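Okay, so here's the structure we're looking at.
What follows draws every value from the coordinates through simple rules; no lab data is involved. Owing to the predicted nature of the structure, the values given are computational and were not obtained by experimental measurement.
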Amino acid sequence: MRRKFWYLIALSFPFLIPLFLVHPSVEISPGILGIVEILLVLQLVYGGIQYLIFTGGILWWSRNKTATDLEHIAWMLPILFVPLCELGFLVLYLLGKRPIAIDDSNSAMIYWLFGLISPLYGYFYIGLIQLLTEVLKAARLIKD
């Protein structure tokens, strides 16, 4: 498989990983693993629409780009996602949708915090994708 194709497939990781790790019929694990599972589900539920729009933009931008171009911009993508994420949370706030059981006085702050921590998710996925890329290159499953 070509490296660019791999990177474009990897754009689906923020959807696939939470779906595979946190199946609805499975109990949430105790301890830190349970917290990670909850955060992954929240990331998917409350950032999914924004990420779909963002991914569409990346796919449109990458039409005439090389894998190296994608690698260079990859580390900026989580920061570029923040404004779109915050805009989506603003819309949810204005519609009165709450991410968790919180009162009205705190809901704007919770949305703001979710937007600010979104780069942490992004950098987690970018790091995971880079690690898997190196593993797949070593196994000769990715061609340059």
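General remarks:
- The chain - convex hull of alpha carbons, volume per residue in Å³: 125 Å³
- Sum of -39500 (n - 2.57) over DSSP H runs of 4+, divided by residues of the chain (222 nm, nearest 500): -26000 deg cm²/dmol
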